[in-house]
1. Computed on alpha carbon atoms, what radius of gyration and Dmax characterise the range B:20-115, expressed in Å?
2. Keeping the other protein chains in place, figure out the carbon and sulfur percent of the accessible area of the protein assembly as shown, with a 1.4 Å probe.
3. Keeping all protein chains in place, calculate the accessible area per residue for the range B:1-82 (probe 1.4 angstrom), answer in Å².
4. When Lys and Arg each count +1 and Asp and Glu each count -1, what net charge do the other residues less than 12 Å away from A:Gln100, Cβ to Cβ, add up to?
5. Using a 1.4 Å probe and counting only protein heavy atoms, arrange B:Ser49, A:Ser83, B:Ser18 so the residue with the most accessible area comes first.
6. For chain A, what does the accessible surface come to per residue with a 1.4 Å probe? Please give it in Å².
7. Report the longest stretch of chain B that contains none of the trypsin sites (Lys or Arg not before Pro) sitting in a DSSP loop with at most 12 other Cβ atoms within 10 Å.
8. Hey, can you list the residues from the range B:84-110 whose accessible area shrinks by 40 Å² or more with all protein chains present, relative to the chain by itself (probe 1.4 Å, no ligands or nucleic acids)?
Amino acid sequence: GNSVTQMEGPVTLSEEAFLTINCTYTATGYPSLFWYVQYPGEGLQLLLKATKADDKGSNKGFEATYRKETTSFHLEKGSVQVSDSAVYFCALPLNSGGYQKVTFGIGTKLQVIP
Amino acid sequence: NAGVTQTPKFQVLKTGQSMTLQCAQDMNHNSMYWYRQDPGMGLRLIYYSASEGTTDKGEVPNGYNVSRLNKREFSLRLESAAPSQTSVYFCASSYNREGGPEKLFFGSGTQLSVL
């Protein structure tokens, strides 16, 4: 079956540091890949997505490139802010003929300190 | 823009008590979901409803029941709460149409403690 692997963290960075959160996946075919973000006290929301190999998703200064050869979709940001403190989930969604079947990673908690 | 609304936000139960978590969405989505979030385990699907009038089990359905009351509302019931059901519960909704996949829209969660 499908699976998503990411580090749990927490990851603690100083403001303006470079961020990488690794995500690798196992799936048949060529799935889409999403990153969701969960801010404290809130539900998850879509941060960015890529639907085919070599696609780059981007939003709010975050980027992730779909690498089929390494089955990876690592999340990066060049300069993090305190407001980026959140939990980040890599996800492998599948339109399963009636509902969205989503395989989530365990989530990586990011803490950015001033 | 209400989106997905869940109630209550917090709840404490004693073992054996029952309760219903309510969820409503105002985006005219076909599909609705209930997830639980536990440390080190990510999100796990409890039940889903692909469309009004249908419900199906997800990954961890034991101890739960659901009702898709209409297109807007999807409730989760714990008939006899157990400490293992202490968790954060999220309701979500999505479109479901040809092509996709579609993103999920989440409520803000219910923190449930069972003593």
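1. 13.0, 44
2. 48 percent
3. It amounts to 50 Å² per residue over the range B:1-82.
4. Computed value for this residue: +2.
5. Of B:Ser49, A:Ser83, B:Ser18, the descending order of accessible area is A:Ser83, B:Ser18, B:Ser49.
6. Result: 47 Å² per residue.
7. Free of exposed loop sites, the longest segment is B:15-96.
8. So the qualifying set is B:Asn96, B:Pro101, B:Lys103, B:Leu104, B:Phe106.
The values are calculated or read from the model by the stated rules, or taken from the named source; none is laboratory data. Just so it is clear, the structure is predicted and the values come from calculations on it, not from any experiment. Heads up, the Cβs are rebuilt from the backbone with ideal geometry, glycines too, and the neighbour counts pull from every protein chain shown. Each accessible area value is taken on the protein alone, full model and side chains, heavy atoms only, with ligands, DNA and RNA left out. Shrake-Rupley method; radii C 1.70, N 1.55, O 1.52, S 1.80 Å.
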